[in-house]
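K.L.:
Please see the structure below; I have some questions.
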Amino acid sequence: MAASLVLALVVAVTVRAVLFRSSLAEFISERVEVVSPLNSWKRVVEGLSLLDLGVSPYSGNVFHETPLILYLFHFLIDYAEFVFMATDVITAVALYIAAEDFNKVVFRKQRIAFEFQKYAPDIITLVRTPKEMYHIPLKVALFYLLNPFTVLTCVAKSTCAIHNAIIAIFVLATVKGSAFISAVFLALATYQSLYPVALFAPALLYLAQKHYILVNLHSTTFLVLLLKYAVMFLGCLMVTICLSFFLLNSWSFIPSTYGFILSVPDLTPNIGLFWYFFAEMFEHFRLFFVCVFQINVFFYTLPLSVKLRDHPMFFMFVQLAIIAIFKSYPTVGDVALYMAFLPMWNHLYRFLRNIFVVTCMLISSSVLFPVLWHLWIYAGSANSNFYYAITLAFNVGQILLVSDYFYAYIRREYHLVEGLNLKSPDGKEAHVVLK
Amino acid sequence: MDSERWMLSVVGDGFRMMDAVNRAMDSVSRGQWILSNGCCQSGSLDFERRMLVDTAWKELTNVLSGLFCASLNFIDSTNTVTPTASFKPLGIINEMDHKFLRYAALPREIVCTENLTPWKKLLPCGSKAGLAVLLKAERLFHTSYHSQAVHVRPVCRNELCTNTSWELTQSLSVVFDLYSSGSGKREWSLFKMFSRTLTEVCPLASQSTIYVDITDKDKVNDTYELIPPAPVVLNTTVHGKWRSYAVYNLLNPQLYSASSHSLNIALKWKLSKPLVTPEVPVFYAERYVSGFGLQSGKINTLIYNNHPCRAFPVLLMEIVPWYLRLYVHTLTITAKGKENKPSYIHYQPAKDRECPHLLEMLIQLPAKSVTKIGIEFERALLKWTEYPPDPNHGFYVSSSVLSALVPSSVNMEINSTKLSPLSTKLFPTIDSSIYFVRLYTEALLVNLPTPDFSMPYNVICLTCTVVAVGYGSFYNLLTRTFQIVEPSGGVAKRIANMIRRLRGVPPI
C-alpha cells in the first residue's frame, strides 16, 4: 500500500511539475475560480515587494495574507514551486494515514456493535469488510492528488494549498488522538482564515470518542476535555496573533485579514455566493446581510453536533463542506479538500438519490466557469449574470452533494438498527421516508 | 481647468512659453488646487493638525466649487493625495512639511462658460475694460485648447519683507487654430481671434502689455508684417532658448488708432513660406493604457528626452483611483533597452473607497532617449451604486504630473536688465542654464466590468433561494427521522421500485 502511495505521489508531482513549466501556469494563476483576493500568489509577491519598499503591506488593500505567511515566503520565495508541491504531498500523506487510522476505528466500532447485538439480523449486506475498506486510504490520497481542482490550485500557487495542508494535519492529529497537536494546527488554520474555528466541535467529539469519554454535558470528564482543548486552542491562537504583532510591530494586519474576511469589501467574482449578492445589495441592508451570511457558515455546527455526536468524522466532512460552500471567498481548493473525503463513504453508494444529477451539475458548471468568464470579460458578449448563474448552479450542486451523502449516512444508520427488509404493521413491504 | 488634448510633439513648445508654472494637457478639464498651509508653525505633525488641514481642504474645495461654478465639491478623500516631493510651495512660505499639502484632480469634469464668467469677475475691471474685453465665451470655446487657472501665493510687500500680502494670479491659455478653422489665409489678428478689439485700458491696472513672439522673423527676407509695428522689442530666454518679443504697452495712448480709439494687432505673412514643422520640445511625455479585456491592464508612460547630450532627472507623480488595483512589483522602467531604477520612490497604496494610489518616482532620463514606465493593474468590480451614469463610458484616471529641471540646449548668460513683475512672471529665469517644466499627461479612460443594474431584486431572491436550499436540506435531515409508511401507488414509483429491486436497493 505504501508503494502505491509513493507511486501516486510521484505521478502527482510529475503532473504538477509539467504544468509549472508550461505556459498554462500564468493563465491558471489569474483564474478567479482558483485564486481569490485572500490567497492569490500575485498578491503575496506584491506584499513582499511592498515590504521591500518599506511600506507596510497592510496599508493598502491588495495584501490580505497573515504575517506568518508573508515571512514564510520572504525566506522561501525562490523555492515557491517546491513548497507548493510539498504541501500537496503532505496533505495527501496526512489524509492517507488519517483514513487508515479511521478505518481501524470503524472496524472496532462495528465489532463492538456486533458484540452487543445492536444491529438487526438481516443487515449483512451493509456490514463493512476489510476487503472493501483496504483501498480507501489510497483512494483518499488519489482523490486529493489527482483532483483537477487540487492540481489547478497547486499550479496557481494559491495559499489555499497551505491551508489545506494545515487542515489535513489537523485531521490526522485528531484521528490519532493527540489533543495538543490538533489544537495547534486548528489554531494555525483559524489564524489563516477564520472559518476553521467551526471544526472545533467535530474535533472535540472525535477526541472524546477516541479517549472513551461519554459525550454528556453533565459529565465532568467531558467538560475537562472540552476545557483543556479550548484552552490549548485559544492559547495557540493568541500566541500566533501576538507573534504576528511582533513581526510587523502593528496590529494593522487584523483589519486587513479578519476584517476583510468578515466584512467582504472586495467584490471580485469567485465561485461563491457573496460577490454578486453584495454587488447588487442596497447600501442600507448591507451590514444586515453580511451578518446573516457570516452567521450562516457557523449556524449548522450546533445542530450537526447534536445529530452526529456519535459520528464525528462525518461531522468533520459536512462541516468542511459547509465552510467551503458558504465562506466569503471560496475557491476550488476548498472544494477539493472535502471532496477528498468522499472515498471514505463509498459504502453509502446504494442510498444516494441524486448522485447522477449532482455529478452532472458539478462537472458542467466547472467547465462553463471559464467559458462564461471569457464571454463576459474578454468577448463582451455576455454579462455578469451568466457567470453568476453558473455560480448558483455550482453551489446548488455542492449543497445537493453534501445533503445527499448526509441522507445516505443517516439512512444506513437507521437500517443498521432497524433492518433492511422492513415490514409495515400489516405484513406488507414498507417504505421508509424522512418525516 | 483645461480642455482638449494637446500633443506637444505635434505643436511644439511655442504656446508653453507663456507659462512656466502650470500647464495641463488633459483631455478633460480638472481642477487642481494646491494648498500650502504656511501659517502653521513648524513642529511635529500630529493627528489634530492633519485633521485641521483636511477640514481646511474640504472647506477650500467647497468654497472654490461655489465660486467658480465648478463641481470641485466632488473632491474628497477618494481623489485627494498628499504628494511628498512633486510640489514646492509658491511664494514666501516657512512651512516645508509636505504633510500639509493636498492635491486632487477631477478628470471627468469639463470647463465651460459657467467657469469663465466667475473667473472674469475676479478681475478688477471685470470684462469691461483692459485685456479682458477680448475674452468672449463663444470665441474662446471654439478653440483647440482652453485652460484657465488661478494661483494664490504670499509675497513680500516691501524689500525688507516685514509684511506679506497675497498675490492672485489668473492665467488663461487658449490655442487658436486659425489656419484650418479660418479662411485659409495665413494671418491672424485680435479681431479675427476674439471678434473684438482693444478699446481702453483698465484704469486700475498699473501695467497692461501685449507680447508677440517674433523670434522667427527673418529680418532680411521680411517674411511677415506686424501691424502696428512693434514699438519695443524684448529679447529674453524662455525654456532655454533666446526669444524676441514685440512689446505693446497698452497704457501708451499713441498705440490706439485716433478714429475708433481701438487697437487691433495683426500679423500677415507676406511670402508663401513653406510650413515648417515646429521644433520637437526637449522634454515631453505620453501615457496610454494597454491590455485587453476587463480583468487587467497596464498603464504605460513614455517620457521623451530630446536633449542631445545632457541627461536630467524627472519626478513622476501618478495618481490612480483605488478601483484600478496597481501591482507595484510589476513596475518596469526601461530606457534604451536597459532597466532604469528610480533613485527615489514613494508609493502609497490605495485603500478601497478611501484614498487613491500615489506613486512618486525620481527617474534619470538618459540623453536622446525614450523612457518607458509600465505598471499593471487589476480592475475591480464595484457596488452597483458606485457606478456613474453611463457606466460603460468608463472611468477616468487623472493625468500624471512630471516635474523636471531641464537643461538648456544653448549655453547663455543671465540677462541682467531689471525686468518688470509681469515680465518676471511670464519669463522666470532661475538660472539660464536650466528651466523648470511641469508636464501633465493625458487623462486615461478605463472600462470596468459592470454588474447588471436591473437585477438587484432578482439577485437577492436567487442567492437567498440557494442559501434556503442548503438550509432546507439540512433542516430536514437534522430534525426529521425515518418512519415506515405504506407504499403508495403511481406508475413512476412502481417502475422506480422495480429498478431499485433489480439493483438490490430498498424500495422508495
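K.L.:
Packing-wise, with mean Cβ within 10 Å as the measure, how do A:320-330, B:474-484 rank, highest first?
P.N.:
A:320-330, B:474-484
K.L.:
Ranked by Cβ crowding within 10 angstrom, fewest neighbours first, how are A:122, A:101 ordered?
P.N.:
Starting with the residue having the fewest Cβ neighbours, the order is A:122, A:101.
K.L.:
Over region A:249-363, what is the mean sequence separation of C-alpha contacts under 8 Å (at least six apart), divided by residue count, expressed as relative contact order in percent?
P.N.:
27
K.L.:
Further question on the same structure: In whole angstrom, note down how far apart the Cα centers of region A:22-73 and region A:232-289 are.
P.N.:
When both Cα centres are located, 16 Å separates them.
K.L.:
If we count every other residue with Cβ under 14 angstrom of residue A:387's Cβ, Lys/Arg +1 and Asp/Glu -1, where does the sum land?
P.N.:
Within the 14 Å Cβ shell, the charges total -2.
K.L.:
Sticking with this one: Under 10 Å from the Cβ of residue B:302, count the other residues' Cβ atoms, weight Lys and Arg +1, Asp and Glu -1, and hand me the total.
P.N.:
For residues surrounding residue B:302, the net value is +1.
K.L.:
What fraction, in whole percent, of alpha-carbon pairs in the protein assembly as shown exceed 36 Å separation?
P.N.:
Looking at the protein assembly as shown, the distances longer than 36 Å represent 61 percent of pairs.
K.L.:
Still on this model: Which shape class applies to region B:458-507: rounded if a/c is under 1.5, otherwise prolate when a/b exceeds b/c and oblate if not, where a ≥ b ≥ c are the square roots of the Cα gyration tensor eigenvalues?
P.N.:
prolate
K.L.:
Also, I was wondering about something else. If I fit a long axis through the Cα atoms of helix A:286-299 and take the longest principal axis of the Cα atoms of chain A, what angle between them do I get, 0 to 90°, rounded to 10?
P.N.:
40
K.L.:
Nearest 10 degrees, 0 to 90: what angle lies between the long axis of helix A:312-326 and the longest principal axis of chain A (Cα atoms)?
P.N.:
40
K.L.:
Going by Cα centres, region A:90-155 and region A:188-228 are how many Å apart?
P.N.:
Spelled out, the Cα-based centre of one part sits 22 Å from the other.
K.L.:
What's the average, rounded to a whole number, of partner chain beta-carbon atoms within 10 Å of each residue's beta-carbon in B:343-349?
P.N.:
4
K.L.:
Once you have the Cα-Cα distance between residue B:242 and residue B:270, take 0.36 nm times their residue separation minus that, and quote the gain in nm to one decimal.
P.N.:
7.7 nm is the gain from fully extending residue B:242 to residue B:270.
K.L.:
Then there is this: Along the positive direction of the dipole of the protein assembly as shown (beta-carbon charges: Lys, Arg +1; Asp, Glu -1; about the Cα centre), which of A:434, B:263, A:51 reaches farthest?
P.N.:
A:434
K.L.:
How large is Rg/Rh for region A:27-77, to two decimals, with Cα atoms and a Kirkwood Rh?
P.N.:
0.97
K.L.:
Would you count, across region B:68-190, every pair of lysines whose alpha carbons are under 18 angstrom apart, provided the pair is eight or more residues apart or spans two chains?
P.N.:
5
K.L.:
In what sequence do B:358, A:337, B:190 fall when counting other Cβ within 10 Å, fewest first?
P.N.:
By the 10 Å Cβ count, ascending: B:190, B:358, A:337.
K.L.:
Let me ask something else. Under the definition of Cα pairs under 8 Å and six or more residues apart, what whole-number percent is the relative contact order of region A:2-418?
P.N.:
Reported as a whole number, the value is 20 percent.
K.L.:
Over all directions, what mean area does the Cα convex hull of region A:2-418 project, stated in square nanometres?
P.N.:
Spelled out: convex hull of the Cα atoms, projected over all directions, averaged, 21.9 nm².
K.L.:
Any lysines with Cα under 26 Å of the residue B:368 Cα? List them, leaving off those in the same chain fewer than 8 positions away.
P.N.:
Here the lysines satisfying the reach criterion relative to residue B:368 are B:241, B:298, B:336, B:338, B:341.
K.L.:
How far is the Cα center of region B:434-473 from the Cα center of region A:293-369, in Å?
P.N.:
Region B:434-473 and region A:293-369 have Cα centres separated by 30 Å.
K.L.:
Follow-up question, since we're still on this one. Among A:342, B:443, A:330, which residue has its Cα furthest toward the positive end of the charge dipole of the protein assembly as shown, with +1 on Lys/Arg Cβ and -1 on Asp/Glu Cβ?
P.N.:
Among A:342, B:443, A:330, the one farthest towards the positive end of the dipole of the protein assembly as shown is A:342.
K.L.:
Report relative contact order for region B:106-168 in percent, whole number only (criteria: Cα-Cα under 8 Å, sequence separation at least 6).
P.N.:
Computed value for region B:106-168: 20 percent relative contact order.
K.L.:
Here are some pairs, A:118/A:139; A:109/A:176; A:109/A:131; A:131/A:210; which of them have Cα atoms lying more than 26 Å apart in this structure?
P.N.:
Cα-Cα > 26 Å for A:118/A:139; rest within.
K.L.:
Using unit Cβ charges (K, R positive; D, E negative) and no other charged atoms, how large, in debye to the nearest 20, is the dipole of the protein assembly as shown about its Cα centre?
P.N.:
1700
K.L.:
Another one. Arrange B:120, A:423 by Cβ neighbour counts within 10 Å, fewest through most, would you?
P.N.:
A:423, B:120
K.L.:
Another question about this same structure. Report, in debye and to the nearest 20, how large the dipole of chain A comes out about its Cα centre when Lys and Arg carry +1 and Asp and Glu carry -1 on their Cβ.
P.N.:
Approximately 1240 debye in magnitude.
Each value in this text was obtained by applying a stated rule to the coordinates, not by laboratory testing. Since the model is a prediction, treat every value here as computed from it, not as a measurement. Cβ: placed from backbone, ideal geometry, glycine included. Neighbour counts: every protein chain shown.
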